[in-house]
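K.L.:
Have a look at this one.
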Amino acid sequence: MTTFVDRVELHVAAGSGGHGCASVHREKFKPLGGPDGGNGGRGGDVILVVDQSVTTLLDYHHSPHRKATNGQPGAGDNRSGKDGKDLILPVPDGTVVLDAQGNVLADLVGQGTTFVAGQGGRGGLGNAALASARRKAPGFALLGEPGEARDVTMELKTVADVALVGYPSAGKSSLISVLSAAKPKIADYPFTTLVPNLGVITAGSTVYTMADVPGLIPGASQGKGLGLEFLRHVERCSVLVHVLDTATLESDRDPLSDLDVIEAELTQYGGLDDRPRVVVLNKVDIPDGKDLAEMIRPDLEARGYRVYEVSAVARTGLKELSFALAGIIAEARAAKPVEEATRIVIRPKAVDDTGFSVVREDDGLYRVRGEKPERWVRQTDFSNDEAVGYLADRLSRLGVEESLMKAGARSGDGVAIGPEENAVVFDWEPTVMAGAEMLGRRGEDHRLEAPRPAAQRRRDREAEKDDVQRAYDEFDPFN
């Protein structure tokens, strides 16, 4: 059964915002007390967080669909809906997040590093929030915005200082087991190691991590064996250690040819030419292995490699190797630039930036794209005429109508707001031509301006008395 997964496709869906409420305050002797509809709650986000206790993406391999909770709708009496709860997904240190096209969205390194994979939708405003001096009693509310839904790919790249590379059965797992407290599976057959193993090593005052990268054979960079799956785990290392088997039983192999093959695969994979190399001649406890190591060592040193002869079984040469690696790692750490605190960069929008664009397509349709127009459309209840009128007012104030006129749009032309797959299409009628200015101000409820029923009845009785008195005064019995 699979216990280690380092690449998964994750389908995330953030929570949708709650709808706003359209309500009128009512109480005894005051049946129309004004709008009191509350706002909808915000939808929950889907957030990836680095957790050092997590070492694999196995949970997301079995459950790839994750969704945050929705915001609650608003209610009367100015009660806002509850916000949706954020969904926190722990991921291993070194996780890279990519979109469907393979573009890197985030590189999560370091405990507590976060990335919002799905943004929760905004809650809709209630009619109490939409009320103003000109719009005293809105008979509508805004809808909650849908949460962001998308597919992302997560790849785990092991965060280690040293990467052990070499042919299967070269002794990489044995070496990491004696240098650290790691307990990888060890056996005398190829591909014993099927997952990267991590070990922590202390050499003097330097503490560093070592990774055993399995599956490298000729053609690994093209996907043969397990190499393509695990070559990504050497990308973050500071030192590459070639573990060469000096006691191999295969007649067509020798340590020098093994080194050339692995180097060729690393070159084809790319991005590793600047890493320092160290060569470890393993299994020198065997007489033939010792003789072969002494024979090829001058050739390796002539190529510029640092060469160390060790035996994981006899535990010889390990201390010298561990301190040598500690020195290289200390130099690499000292050469890294000092990390500065993240600066807040403010990029104000240009003065002439309208925030939207109008493009005439080949079929004669005018398409409007922009954050505000698209969000306003998503939050509009098109079954409510007043809400549609409010949307028209907002688009007009933003300058959409003026831009459509400049683009050549005429009355009755098709206009689409939003992307092709999720757009609202309608026949455009300019506000002035539609006579909207003759309809009065949208959002006014004349019921709120009318007097109370008791007062109205009293005025009616008084008016009736005045009519009677006027008729009596005008009555002439002699005419």
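The values are calculated or read from the model by the stated rules, or taken from the named source; none is laboratory data. Just so you know, these numbers come straight off a predicted model, no measurement behind them. Because the Cβ atoms are built from the backbone with ideal geometry, glycine has one as well, and the counts that use them run over all protein chains shown. Just so you know, the surface numbers come from the protein's heavy atoms only, side chains and all, with ligands and any DNA or RNA stripped out. Shrake-Rupley method; radii C 1.70, N 1.55, O 1.52, S 1.80 Å.
K.L.:
Quick one: in the stretch 422-432, which of the residues that are part of a strand (DSSP E or B) and β-branched (Val, Ile, Thr) is surrounded by the most Cβ atoms within 10 Å (Cβ to Cβ)?
P.N.:
Of the residues in the stretch 422-432, the ones part of a strand (DSSP E or B) are 424-427.
Now narrow it down to the ones that are β-branched (Val, Ile, Thr): 424-425.
On the way: Val424: 16, Val425: 11.
Out of the qualifying residues, it is Val424.
K.L.:
Sticking with this one: Mind listing whichever residues of the stretch 131-167 are of a type in the set (A, V, I, L, M, F, W, C) and modelled with pLDDT of 90 or more? If you could, list the steps in order and put the result at the bottom.
P.N.:
Narrowing the stretch 131-167 to residues of a type in the set (A, V, I, L, M, F, W, C): 131, 133, 137, 140-143, 149, 152, 154, 156, 159-160, 162-165.
Within the stretch 131-167, Ala131, Phe140, Ala141, Leu142, Leu143, Ala149, Val152, Met154 qualify.
K.L.:
Another question, then. Mind listing just one residue for me: the one in the stretch 287-303 that is touching a residue at least 24 places away in the same chain (Cβ under 8 Å) and surrounded by fewer than 17 Cβ atoms within 10 Å (Cβ to Cβ) and, of those, farthest from Ile262 (Cα to Cα)?
P.N.:
To start, the set of residues in the stretch 287-303 that are touching a residue at least 24 places away in the same chain (Cβ under 8 Å) comprises 288-290, 292-293, 296, 299-300.
Remaining after also requiring surrounded by fewer than 17 Cβ atoms within 10 Å (Cβ to Cβ): 288, 299.
On the way: Asp288: 23, Asp299: 17 Å.
Of everything passing the filter in the stretch 287-303, Asp288 is farthest from Ile262 (Cα to Cα).
K.L.:
Can you tell me which of Asp151, Asp77 is closer than 30 Å to His25 by Cα and surrounded by fewer than 16 Cβ atoms within 10 Å (Cβ to Cβ)?
P.N.:
On the way: Asp151 fails: closer than 30 Å to His25 by Cα.
Criteria check complete, one pass: Asp77.
K.L.:
Could you give every pair whose Cβ atoms fall below 7 Å, whose first residue belongs to the stretch 102-131 and is in a strand (DSSP E or B), and whose second residue is of a type in the set (Gly, Ala, Ser), counting only separations of at least 6 or pairs across chains?
P.N.:
Note: pairs meeting the criteria are Phe115/Ala106; Gly118/Ala13; Gly118/Ala14; Gly118/Ala68; Gly118/Gly147; Gly118/Ala149.
K.L.:
I've got another one for you. Find the residue count for the stretch 304-313, including only residues that are open to solvent by less than 80 Å² (accessible area, probe 1.4 Å) and either in contact with a Gly (Cβ under 9 Å, 6 or more places away or on another chain) or on the phi > 0 side of the Ramachandran plot (or both).
P.N.:
Total meeting the criteria: 6.
K.L.:
So which residues in the stretch 30-42 are of a type in the set (A, V, I, L, M, F, W, C) and crowded, with 17+ Cβ neighbours inside 10 Å, if there are any at all? Quick ask: steps written out before the conclusion?
P.N.:
Looking only at the stretch 30-42, we keep the residues that are of a type in the set (A, V, I, L, M, F, W, C), and these are 32.
Answer for the stretch 30-42, where residues must be of a type in the set (A, V, I, L, M, F, W, C) and crowded, with 17+ Cβ neighbours inside 10 Å: there is none.
K.L.:
Considering Val278, Val313, which residue is outside any helix (DSSP H, G or I) and in contact with a Lys or Arg (Cβ under 7 Å, 6 or more places away or on another chain)? Talk me through it step by step, then tell me what you get.
P.N.:
Values: Val313 fails: in contact with a Lys or Arg (Cβ under 7 Å, 6 or more places away or on another chain).
The conditions single out Val278.
K.L.:
Is the stretch 1-13 home to any residue that is under 36 Å from the mean Cα position of the chain (by Cα) and without any contact (Cβ under 8 Å) to a residue 12 or more places away in the chain?
P.N.:
Initially, the stretch 1-13 is screened for residues under 36 Å from the mean Cα position of the chain (by Cα), giving 1-13.
Next, only the ones that are without any contact (Cβ under 8 Å) to a residue 12 or more places away in the chain stay: 1.
Yes, the conditions are met somewhere in the stretch 1-13.
K.L.:
I'm checking my understanding of the structure. Among residues of the stretch 1-29 that are over 22 Å from Leu156 (Cβ atoms) and outside any loop (DSSP other than H, G, I, E, B), which one is least open to solvent (accessible area, probe 1.4 Å)? Let's see the steps before the verdict.
P.N.:
Pass one, the stretch 1-29, residues over 22 Å from Leu156 (Cβ atoms): 13-29.
The next check asks that each one be outside any loop (DSSP other than H, G, I, E, B); those that pass are 13, 24, 27.
Numbers: Ala13: 25, Val24: 44, Glu27: 99 Å².
It comes out as Ala13.
K.L.:
Under 7 Å between Cβ atoms, at least 6 apart or on separate chains: pull out the pairs that start in the stretch 259-271 with a residue that is over 14 Å from Glu235 (Cβ atoms) and of a type outside the set (Lys, Arg) and end on any residue that is part of a helix (DSSP H, G or I) and open to solvent by 60 Å² or more (accessible area, probe 1.4 Å).
P.N.:
From residues that are over 14 Å from Glu235 (Cβ atoms) and of a type outside the set (Lys, Arg), there are no pairs.
K.L.:
Among the residues of the stretch 80-101 satisfying the criterion of being assigned to a strand (DSSP E or B) and of a type outside the set (A, V, I, L, M), which is surrounded by the most Cβ atoms within 10 Å (Cβ to Cβ)?
P.N.:
Kept after step one, since they are assigned to a strand (DSSP E or B), are these residues of the stretch 80-101: 87-91, 95-98.
Of the ones still in play, those that are also of a type outside the set (A, V, I, L, M) are 90, 95.
Working: Pro90: 14, Thr95: 24.
Per the criteria, the residue is Thr95.
K.L.:
Can you tell me which of Ala128, Ala187 is at negative phi, at pLDDT 75 or above and of a type outside the set (D, E, K, R)?
P.N.:
Answer to the check: Ala128.
K.L.:
How many residues are in a loop (DSSP other than H, G, I, E, B) and open to solvent by 90 Å² or more (accessible area, probe 1.4 Å) when one looks only at the stretch 43-74?
P.N.:
Filtering the stretch 43-74 down to residues in a loop (DSSP other than H, G, I, E, B) leaves 43-45, 51-57, 63-64, 68-74.
Next, only the ones that are open to solvent by 90 Å² or more (accessible area, probe 1.4 Å) stay: 52-53, 55, 72.
The number of residues fulfilling the criteria is 4.
K.L.:
Oh, and also: Can you name every residue in the stretch 382-421 that is open to solvent by less than 50 Å² (accessible area, probe 1.4 Å) and part of a loop (DSSP other than H, G, I, E, B)?
P.N.:
Asn384, Gly399, Ala407, Gly408, Ala409, Gly412, Asp413, Gly418, Pro419
K.L.:
Something else about it: Answer with yes or no whether Arg275 is surrounded by 13 or more Cβ atoms within 10 Å (Cβ to Cβ), charged (D, E, K, R) and over 19 Å from Tyr167 (Cα atoms).
P.N.:
Numbers: surrounded by 13 or more Cβ atoms within 10 Å (Cβ to Cβ): yes; charged (D, E, K, R): yes; over 19 Å from Tyr167 (Cα atoms): yes.
So Arg275 fits the description; yes.
K.L.:
Go through (1) within 33 Å of the chain's Cα centre (by Cα); (2) at pLDDT below 90; (3) of a type in the set (Lys, Arg) one by one and return the number of the condition Arg369 breaks.
P.N.:
Here Arg369 clears every test but (2).
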